[in-house]
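To start, the structure itself, in structure tokens.
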Amino acid sequence: MVVIFRKLWRLFWFLLWMWPFAFYSLFRSLGGRKGIKRVAYCTRSWGKFLVKNFGVKVNFVCDHLLEEGVLVVSNHQSYLDVLIHASLFPIRFTPKKEIKYWPVLGFYLGISRPVWVDRKNRQKSADTLREIHRTLADGVSLLVYPEGTTTDGEHGLLPFKATAFAAVLDTDFKIQPLITCYRRSSDNWNPAWFGDQTLLPHVWKFIGRPSLEVDVIALKPVTPLPGEDRKALAARVEKLMLEAMEQAKNPTKAVHQ
């Protein structure tokens with residue numbers, strides 16, 4: 001009974017604020033390129049509300065000044081990553097175009113004026129890179145999950161897809177790597193949504209949980225090296241993130257950055 005009440009209470013507040021926030025964000029997104037930056041700040045407010053409403057505690061560890069107009073990259077385990085990272089940064093998303101048709105989340109992401117990614121169309125990929133470059137030049141940070149899909153979060157990283165990294169080559173744009181680690185609860189439930197799991201049952205399970213805790217660690221920003229290609233840059237960032245993940249699991253080991 002307590003779990004059902006918790007689910008209904010959280011859904012009530014979500015639905016209460018969903019439409020006013022959606023219309024406000026839509027209004028703020030108008031106005032060409034400037035609208036993209038305004039809605040990025042709306043997205044952060046949206047993320048902060050959702051993580052609080054659904055009982056998510058985010059422990060953000062960062063020992064440097066966060067800059068705007070950076071390419072934010074993180075390991076990827078769940079749809080929850082989007083909410084958590086949105087609560088930390090005014091960002092623009094780069095979801096795969098299939099998410100556009102998901103219930104609720106696809107609608108909300110659409111309002112945020114994301115850069116929809118079509119990996120099956122080479123021409124669209126070139127357009128995506130140009131839009132990523134323009135977004136960073138506008139001073140708006142952009143979020144990328146270079147693994148390309150979600151994992152269980154317990155076996156390192158999938159090989160990075162290097163496409164998005166091409167947008168920052170031979171520029172002064174920086175990459176902000178993140179490590180996102182969900183803490184297991186007493187019943188050992190895994191918040192990761194991956195493989196052949198069905199979305200709605202996983203969401204229904206999540207919103208009934210008392211709380212969820214996640215650690216997000218910001219590594220030192222990475223700057224592209226002169227003459228470095230996208231695959232080498234992606235591999236360098238991947239290596240740094242793997243070392244940081246190992247350090248998070250084994251604090252006695254040193255991380256070299």
Distance between modelled label sites at ALA137 and LEU158, nm, 7 Å Cα→Cβ extension = 3.1 nm
Measuring from its Cα centre, the chain shows a charge dipole (+1 at each Lys and Arg Cβ, -1 at each Asp and Glu Cβ) which, in debye to the nearest 20, is 820 debye
Here the FRET efficiency for LYS34 versus ASN250, based on Cβ atoms and R0 = 45 Å and rounded to 0.05, is 0.50
When Cα extents along the principal axes in Å is calculated directly from the model, which label among (i) 61, 50, 36; (ii) 57, 44, 33; (iii) 90, 46, 32 fits?
-> (i)
Distance between Cα centroids, segment 1-29 to segment 40-60: provide it in whole Å.
-> 13 Å
Potential extension, ASP196-HIS64 segment - 0.36 nm per residue separation minus Cα distance = 43.7 nm
For the pairs LYS34/LYS205; LYS97/LYS249; LYS37/LYS120, note any where the Cα-Cα span goes beyond 32 Å.
-> LYS34/LYS205; LYS97/LYS249
Can you work out the PRE-style zone for VAL104? Point 7 Å along Cα to Cβ, and I want the residues of segment 159-193 with backbone N under 16 Å.
-> 193
Could you tell me the distance between the Cα centroids of segment 106-162 and segment 178-257, to the nearest Å?
-> 16 Å
Can you give the helix-only mean residue ellipticity at 222 nm for the chain, where every DSSP H stretch with n ≥ 4 adds -39500 (n - 2.57) and the sum goes over all residues, rounded to the nearest 500 deg cm²/dmol?
-> -14000 deg cm²/dmol
Working out 0.36 nm times the residue gap between THR171 and LYS96, then minus their Cα-Cα distance, what length gain in nm do you get to one decimal?
-> 24.5 nm
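Coordinate-derived values only; no laboratory data. What you are looking at is a predicted structure, and each value in this text was computed from that prediction instead of being measured. No Cβ is skipped: glycine too gets one built from the backbone with ideal geometry, and neighbour counts run over all protein chains shown.
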